[in-house]
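Here's the structure we're looking at; comments come further down.
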Amino acid sequence: MRIAMRIRDPIHGTIPVDEREKAIIDSPFFQRLRNVRQLGFGDLAFPGATHTRHAHSIGAMYVASRLFDSVAARVELPQDVYIRFRSAVRAAVLSHDLGHMPFSHASEKIAPARAAAAIAGNVFHPLREFAQMRFVMTGKRSAEQSRIMRRRS
């Protein structure tokens, strides 16, 4: 895929992002991570500890890419398989924190049980969100994905 943008990371330097990854990063689900703290309440004791799940996910994608490249260099993969697997690893790692609560793991102790948090109306539904993310990445929906996207609860 063609490089759609480059993100300047203070730890890893410049991170190239392709069009599919940019679609994930630009999605409201991912942009929400700008407000989710990686270190919970750590910045109260250490004012410089202001990392977000947004920056963490982009950096994790970069590190996973380097790890994948290192492992893939030791095996013989056809070029099309290498590209597809590398893209899947990057998308998975980029998306790995999408469901995090505010203040990261620090707020899990006070959160209601998942069953008790069932709220009527348009709430987060993992299958629907996955179908939408897949559509963002591929631009296509299967009949099953369309059915999932129509469900509201």
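Exactly one condition in (1) touching a strand residue (DSSP E or B) at 6+ places or on another chain (Cβ under 6 Å); (2) more than 21 Å from Phe30 (Cβ to Cβ) is not met by Glu76; state its number.
(1) is the only condition that Glu76 fails.
Every residue in the stretch 4-54 that is in contact with a Gly (Cβ under 7 Å, 6 or more places away or on another chain), within 19 Å of Ala91 (Cβ to Cβ) and assigned to a loop (DSSP other than H, G, I, E, B), please.
His12
Starting from the stretch 1-23, take each residue that is touching a residue at least 24 places away in the same chain (Cβ under 8 Å) and list its partners that are loosely packed, with under 12 Cβ neighbours inside 10 Å and of a type in the set (Ser, Thr, Tyr), counting only C-beta distances under 9 angstrom and pairs at least six apart or across chains.
Pairs that qualify, where the first residue is touching a residue at least 24 places away in the same chain (Cβ under 8 Å) and the partner is loosely packed, with under 12 Cβ neighbours inside 10 Å and of a type in the set (Ser, Thr, Tyr), are Ile7/Thr14.
Any residue in the stretch 68-79 that is surrounded by 12 or more Cβ atoms within 10 Å (Cβ to Cβ) sitting within a Cβ distance under 6 Å of a residue that is among the aromatic types (Phe, Trp, Tyr) and not in a loop (DSSP other than H, G, I, E, B)? List the pairs, counting only those 6 or more apart or interchain.
Final answer for the pair search is Ala72/Tyr82.
For residues in the stretch 36-59 being hydrophobic (A, V, I, L, M, F, W, C) and surrounded by 17 or more Cβ atoms within 10 Å (Cβ to Cβ), which is nearest to Pro10 (Cα to Cα)? Before you say what the answer is, go through the steps one by one.
Here is the first cut: in the stretch 36-59, the ones hydrophobic (A, V, I, L, M, F, W, C) are 36, 39, 41, 44-46, 49, 55, 58.
If we keep only those that are surrounded by 17 or more Cβ atoms within 10 Å (Cβ to Cβ) as well, we get 36, 39, 55, 58.
Details: Val36: 19, Leu39: 17, Ala55: 10, Ile58: 11 Å.
Among those residues, the one meeting the criterion is Ala55.
FYI, it's all coordinate maths here, none of it is from the lab. In this text, all values refer to a predicted model and were calculated from it rather than measured experimentally. No Cβ is skipped: glycine too gets one built from the backbone with ideal geometry, and neighbour counts run over all protein chains shown.
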